[in-house]
Amino acid sequence: MNLSRLDLNLVVALRALLEERNVTRAGERVGLSQPAMSAALSRLRRHFGDELLARTGNAYELTPLGVALRDRSATACDLLERVFSSQADFDPAAETREFTLLASDYGAAVFGAALAHALHEEAPGIRLTFQHPAPSVEENTAALLSTVDGLLMPHGVIDGFPCVDLFQDRWLCMVADDHPEVGDALTLDLLARLPWAVYQRPYDAPVARQLSMLGISPRVEVSVQTFQLLPHMIEGTRRIGMIQERLARRAVRSAAVRVLPCPFEAVPVRQAMWWHPVHTQDAAHIWLRRKAAEVGATLTGDSGEEAASAAPAPEAGPDPIPT
């Protein structure tokens, strides 16, 4: 398709028509009269060779192609808006802007809080919004990244997009303070016998992945979608869980739990910020990535007294930022 022959205003009209399913309301939404929006619908129907909106009684219903195009048109509009709002220069002290980052509660609590603290004085007009990634992040990574400013995700889940490494963390095992079967150390036999509380997002199941390589299938009693709920599902029970060290430090202060080294060589967490290539040369994003790398560097090698029972955490530095 030759984009130079395509009226990009039709993308905006297409989104409004498919989301409103009403020509008049769609026209009001984008500032077009009812005849002008009807003309846009006719052009779209000719282009796609499909009715898109089919009348059913007094209402319109989307055709199967219309349903498929609804989310795609929304993504296209968001991406076009980000393309044409790109800047050559960015002054964080003077700009007013919102950055939206997708992150698990771990990423938001550990890195997001540190980033927000760093921006508080340097960029008072900048607003950060953290959202949970959709379960389809692996299948629709490009579409999701095109609508946000970054994705906080460990290596090993997605690939093929630019990223900057932030910090490294490690997994620890967690049990109740008064666990009747666990002393000063865990064994693989205990991991196989004890019930588990696990973090279970469709795209990130660290317990299952790591234990499966040892031939252990954890007997899961509780599954949650936030890491910070795990300690409360473990205290006062025979359950065991795996949690990142930086969250473990907070957990031992808020719940009657203790942490122990894993009885196997757990793959460390290498946390990174991923972005859509369309943002690579944007001045605001270059600044955001550099600030993220600076904040990540302050977390690198940081260790706490609460997790002192485990061996020293490995150090890692942030990768250079592509420019």
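The values are calculated or read from the model by the stated rules, or taken from the named source; none is laboratory data. Every value quoted in this text rests on a predicted model; they were computed, and no experiment measured them. Glycine gets a Cβ as well: all are built from the backbone with ideal geometry, and neighbour counts include every protein chain shown. These area figures cover heavy atoms from the full protein model, side chains too; ligands, DNA and RNA do not enter into them. Shrake-Rupley method; radii C 1.70, N 1.55, O 1.52, S 1.80 Å.
List of remarks:
- Global geometry of the range 21-79, whether rounded, prolate or oblate, following the gyration tensor of its Cα atoms and the 1.5 cut on a/c: rounded
- Converting the Cα gyration tensor eigenvalues of the chain into ellipsoid dimensions via √(5λ) gives semi-axes, longest first, of 46, 25, 16 Å.
- Per-residue SASA entry for T96, accessible area with 1.4 Å probe, Å² rounded to 10: 120
- Largest to smallest principal axis extent of the C-alpha atoms in the range 1-130, angstrom: 55, 32, 29
- For the range 57-148, the Kirkwood radius over C-alpha pairs fed into Stokes-Einstein at 10 °C and 1.306 mPa s yields D = 100 µm² per second.
- Rounded tilt (10° steps) of 283-299 against the dominant C-alpha axis of the chain: 10
- Over every Cα atom in the range 138-297, the radius of gyration and the widest Cα-Cα span, Dmax, amount to 17.8, 56 Å.
- Whole-Å distance, taken between Cα centres, linking the range 264-295 and the range 120-193: 13
- Kirkwood-based shape ratio for the range 128-225, expressed as Rg/Rh from alpha carbons: 1.04
- The long axis of helix 245-254 is offset from the longest Cα principal axis of the chain by roughly 70 degrees.
- Estimated Rh, the range 1-47: Kirkwood, alpha-carbon pairs, angstrom: 10.6
- Compared with the dominant Cα axis of the chain, that is its longest principal axis, helix 34-48 is turned about 70°.
- Only the Cβ atoms of Lys and Arg (+1) and of Asp and Glu (-1) were treated as charged; on that basis the dipole of the chain about its Cα centre amounts to roughly 1060 debye.
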